[in-house]
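J.: Please find one structure pasted underneath; my questions will follow.
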Amino acid sequence: MIREDFHFLSKDGKTKIHGVRFLPDNGAMNGIIQLVHGMQEYVGRYEEFAQFLTEKGFLVVAHDHLGHGESVRDKEHLGYFCEKHPSDVLVQDIYQVTTITKNGYDRSLPYFIFGHSMGSYLLRKYLTRYGSEVDGAIICGTGCVPDATCFVGMMTCRFIAMFRGWHYRSSFVKNGTFGKPYKRFNLDGSDPKNSWLSKNEENVKAYYKDPKCTFDFTLNGYLGLFSTVSYDNKDKYVRMTPKHLPLFLISGAEDPVGDAGEGVKKVYQQYKRVGLEDVTMKLYDNDRHEIINEPDRYTVYEDVWNWIQMHVR
């Protein structure tokens with residue numbers, strides 16, 4: 001696998017975004033898959049998955065969101081997106097990666113997109129605006145948060161920001177975000193065996209030792225997240241997803257983000273309700289949040305690959 005780094009200007013108009021391409025060693029490409037990472041992580045955590053895909057002949061492309069990884073100007077901006085419309089800007093940056101990649105390679109290559117966790121919520125929004133640009137989407141580790149909860153979250157962020165500013169890191173908002181579905185799990189890495197992230201203790205230990213993963217979100221970051229989830233809840237927006245677009249929803253059956261599968265089922269039912277024609281869902285027994293890092297991750301990899309192969313034009 002060959003790694004290439006690239007950069008582009010975020011739609012916030014001021015931040016240099018870091019991107020990565022992972023290319024097959026032999027240069028032959030059968031398709032492209034774009035990865036959209038989750039909250040409090042970065043693209044480097046996807047290298048093993050990228051290695052698997054490049055061995056299949058796919059170019060893999062991804063970027064660090066605003067406030068994440070190497071797209072951060074300083075520590076103050078970790079977990080901070082941008083001053084105005086953070087959710088929209090994040091989605092526009094995802095689309096910029098799509099455009100840059102398509103302009104640089106054969107446009108006839110099949111193009112798929114994979115979003116995990118916060119990246120899955122951003123991907124769901126992306127698909128309502130730019131779904132015609134891709135041949136299929138894998139929505140990983142997603143969920144369904146009630147509208148009322150999103151509304152209260154956004155209002156709380158705005159209220160606290162009036163006094164503390166948008167860079168403030170609120171333990172109150174953090175604790176409210178990681179609510180009831182998470183209570184049976186350890187949330188700070190002190191008990192790797194019972195972590196909400198995964199059963200893979202080495203993965204958990206590595207995550208909590210990594211300064212690129214252990215920062216707290218700012219109020220601005222949470223506002224961007226809550227507003228994205230709220231958008232995804234609304235059928236009027238979801239209906240803008242192309243009806244023919246194939247979707248594959250995957251999640252751990254014990255993932256608290258997806259409320260142990262119940263939230264994933266609601267998303268699946270929503271897509272079916274608004275008329276999408278090709279929606280598939282799979283829950284992985286006993287797996288938690290990061291299914292591409294679980295002990296059975298190669299089963300997940302193969303399932304994703306087999307689904308892609310079924311939907312290559």
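J.: Which of 234/265; 84/272; 125/265; 183/205 have a Cα-Cα distance over 26 Å?
T.: 84/272
J.: Is the shape of the chain best called rounded, prolate or oblate, per the rule: a/c under 1.5 gives rounded, else a/b larger than b/c gives prolate, else oblate, with a ≥ b ≥ c the square roots of the Cα gyration tensor eigenvalues?
T.: Because its axes are fairly even, with a/c under 1.5, the chain counts as rounded.
J.: Hey, can you grab everything whose amide H is under 5 Å from the amide H of residue 249? Only 5+ residues off in sequence or another chain; H modelled, so Pro and N-termini drop out.
T.: Under 5 Å from the amide H of residue 249: 139, 280, 281, 282.
J.: Shifting gears a bit: Once a ≥ b ≥ c are taken as the square roots of the eigenvalues of the Cα gyration tensor of segment 128-175, is the result rounded (a/c under 1.5), prolate (a/b larger than b/c) or oblate (a/b not larger than b/c)?
T.: Verdict is prolate for segment 128-175.
J.: Given a Förster radius of 22 Å and the C-beta distance between residue 265 and residue 186 as r, what FRET efficiency does 1/(1 + (r/R0)^6) yield to the nearest 0.05?
T.: Step by step, r from the Cβ atoms, then E = 0.30.
J.: Hydropathy first: keep DSSP H helices in the chain averaging at least -0.5 on Kyte-Doolittle, then drop any whose Cα extent along the axis falls short of 30 Å, and list what survives.
T.: none
J.: Summing +1 for each Lys or Arg and -1 for each Asp or Glu, what net charge is found among the other residues whose Cβ lies under 14 Å from the Cβ of residue 149?
T.: -1
J.: Let's test the formula: R0 of 35 Å, r as the Cβ-Cβ distance of residue 296 and residue 95. What FRET efficiency results, to the nearest 0.05?
T.: E(calc), rounded to 0.05, equals 0.60.
J.: Taking amide H positions as placed 1.01 Å from N in the peptide plane, with prolines and chain starts having none, which residues 5 or more places from residue 136, or on another chain, fall under 5 Å of its amide H?
T.: Close amide H contacts, sequence-distant or interchain: 113.
J.: Still on this structure, please answer the following. Along the charge dipole of the chain, Cβ charges K/R +1 and D/E -1, which of 130, 29, 148 sits furthest on the positive end?
T.: Of the options given, the answer is 148.
J.: Let me ask you something else. Sum up the charges of everything whose Cβ sits under 12 Å from the Cβ of residue 285, counting Lys and Arg as +1 and Asp and Glu as -1, but leave residue 285 out.
T.: Net local charge, residue 285 excluded: -2.
J.: Another one. If you roll a 1.4 Å probe over segment 15-60 with all protein chains in place, what percent of the accessible area is carbon or sulfur?
T.: Carbon and sulfur: 42 percent of the exposed surface of segment 15-60.
J.: Divide the volume of the convex hull of the Cα atoms of segment 1-66 by its number of residues and quote the answer in cubic angstrom per residue.
T.: That works out to 77 Å³ per residue.
J.: Across segment 72-119, how large is the tail of the calculated P(r) beyond 13 Å, expressed as a percent of all Cα pairs?
T.: It works out to 69 percent of all Cα pairs.
J.: While we're looking at this one, here's another question. Could you work out how far apart the two model spin labels at residue 16 and residue 129 are, taking each label as a point 7 Å from the Cα in the direction of the beta carbon, and quote it in nm?
T.: 2.5
J.: Considering only the other residues whose Cβ falls under 15 Å of the Cβ of residue 229, what net charge follows from Lys and Arg at +1 and Asp and Glu at -1?
T.: So the surrounding residues net to -1.
J.: Once the Cα gyration tensor of segment 13-104 is diagonalised, what are the square roots of 5 times its eigenvalues, in whole Å and ordered largest first, as equivalent ellipsoid semi-axes?
T.: The answer is 26, 14, 10 Å, longest axis first.
J.: Measure off 7 Å from each Cα along the Cα-to-Cβ vector at residue 108 and residue 55, then give the distance between these two points in nanometres to one decimal.
T.: Label at residue 108, label at residue 55, 2.9 nm between them.
J.: Classify segment 193-304: rounded, prolate or oblate, from the alpha-carbon gyration tensor (a ≥ b ≥ c, eigenvalue square roots; a/c under 1.5 rounded; otherwise prolate if a/b is larger than b/c)?
T.: Oblate is the answer for segment 193-304, as a/c is 1.5 or above yet b/c matches or exceeds a/b.
The values are calculated or read from the model by the stated rules, or taken from the named source; none is laboratory data. Note that the structure is predicted; figures quoted are calculated from it, not measured. Virtual Cβ from ideal backbone geometry, glycine too; neighbours counted across all protein chains shown. Protein only, heavy atoms only, side chains kept; ligands, DNA and RNA dropped before computing areas. Shrake-Rupley method; radii C 1.70, N 1.55, O 1.52, S 1.80 Å.
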